[in-house]
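For reference, the structure discussed in these notes is given below.
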Amino acid sequence: MRKKVIAGNWKMNKLPNEAMEFITELEPLVKNTENEVVVCVPYTDLFYALNMAQDTNIKIGAQNMNAEEKGAYTGEVSGEMLKAIGVEYVILGHSERRAYYSETDESVNKKLKKALSLSLKPIVCVGESLEQRESGSAKEIVTTQTRLALDGLSNDDVKSTIIAYEPIWAIGTGKTATKEDANETIKWIREEILKLYGNDVADSVIIQYGGSVKSSNANELFTMSDIDGGLVGGASLKADEFSKIVNYK
Ligand code: PGA
C-alpha cells in the first residue's frame, strides 16, 4: 500500500509569526493521522516552521532550490542549504516556476538529481494547460514531462520521488479536475513509469493530485485507486481547512 502524502504549498504567503501560529494550530489537529503531513513554506519561514514542527509529525519543505551547491548565483538557495537546516521536502518544477521563472524539464531534472543526492524528498510537478487538455494532448504532455524529469535516475531514485499531477487550469481557479480525469491522468503517468522502470517502481511511486483541492473534495479524490494524496495551495493556508484535508476520511 502506498502512503498518502498531503502537502501544503503556501507559495509566497505568510510571515514567520504567521507560520509559527499555523504550525501550533495544526499540530493537535493532525497528530493522529497515518498520512504524511508536509507544509512547504517560503524560504524565510523555513527556520521558524522547522522549530515549531520539531517533535511533531509535521514535515517541512521548501518550494524550490538551485541545482548548484554554491557560487555566484545571486538570490538563489541550494539544496545543501536546505538540508543543513533540516528541511526534508522540496517542490520542484511547479507550473508557476515553469511559467514565470523559465524552469524547464532539463532544469527540473538537474534539480531532482541534486535533491535526491542530498536525500531531500522531492515533489516534482507535472501538468497540462487547458489548451492542451482540450486539444487532446494531455497524455503526451504529462508523460513527456515525467520522462524528462526522471531521465537518468536509478530505480531507487524514482521510488524516492513524489510526482504531483497538477493540471494548470485547475491551479488556484477553484476548478478541480473530476476524480475520474485526475485518476486516469495519474494512471497514464504510472504506466509511463512502468514502461521505463518496471512494475515494482510503478507500483510504489507516490503520485499526488493538485489543483483546487479542498476539504469538500479531498475524500473523493484521495480515495481513487491511483491518487496518493495531494499538493494543496490555497486551502493549505488555514490550519483548520488543511487539517480536514489531511484527515480526509
Ligand atoms: P491550489 O494550488 O490548491 O490553490 O489550486 C495548488 C498548487 O499550486 O500546488
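A few points about this structure:
- Members of the range 195-217 found to be within 11 Å of the ligand (Cβ to nearest atom) and not hydroxyl-bearing (Ser, Thr, Tyr), listed by number: Gln208, Gly210, Gly211, Val213, Lys214, Asn217
- Residues (part of a loop (DSSP other than H, G, I, E, B), surrounded by 21 or more Cβ atoms within 10 Å (Cβ to Cβ) and of a type outside the set (Gly, Ala, Ser)) located in the range 209-247: Val213, Ile227, Asp228
- Any hit, the range 53-62, residues being of a type in the set (Ser, Thr, Tyr), at pLDDT 95 or above and either part of a strand (DSSP E or B) or open to solvent by 70 Å² or more (accessible area, probe 1.4 Å) (or both): no
- Subset of the range 1-49 [touching a Ser or Thr at 6+ places or on another chain (Cβ under 9 Å) and β-branched (Val, Ile, Thr)]: Ile6, Ile23, Val30, Thr33, Val37, Val39
- Residue within the range 18-41 that is open to solvent by 40 Å² or more (accessible area, probe 1.4 Å), within 16 Å of the ligand (Cβ to nearest atom), of a type outside the set (A, V, I, L, M) and in contact (Cβ under 8 Å) with a residue 24 or more places away in the chain present: no
- Among residues that are touching a residue at least 24 places away in the same chain (Cβ under 8 Å) and of a type outside the set (A, V, I, L, M, F, W, C), Thr178 is not included.
- Residues of the range 173-191 classified as touching a Ser or Thr at 6+ places or on another chain (Cβ under 7 Å) and either part of a loop (DSSP other than H, G, I, E, B) or at pLDDT below 95 (or both), total: 4
- Residue in the range 150-171 that is of a type in the set (Ser, Thr, Tyr), surrounded by 21 or more Cβ atoms within 10 Å (Cβ to Cβ), under 30 Å from Leu26 (Cα atoms) and near the ligand (Cβ under 10 Å from one of its atoms) present: no
- Selection within the range 144-164 - out of contact with any Gly (no Cβ under 6 Å at 6 or more places or on another chain) and either within 13 Å of Leu231 (Cα to Cα) or not in a helix (DSSP H, G or I) (or both): Leu150, Asp151, Gly152, Leu153, Ser154, Ser160, Thr161, Ile162, Ile163
The values are calculated or read from the model by the stated rules, or taken from the named source; none is laboratory data. All values reported here derive from a predicted model rather than from experimental measurement. Please note: Cβ atoms are built from the backbone with ideal geometry, for glycine as well, and neighbour counts cover all protein chains shown. Accessible surface is based on the protein model in full, side chains and every heavy atom, while ligands, DNA and RNA are left aside. Shrake-Rupley method; radii C 1.70, N 1.55, O 1.52, S 1.80 Å.
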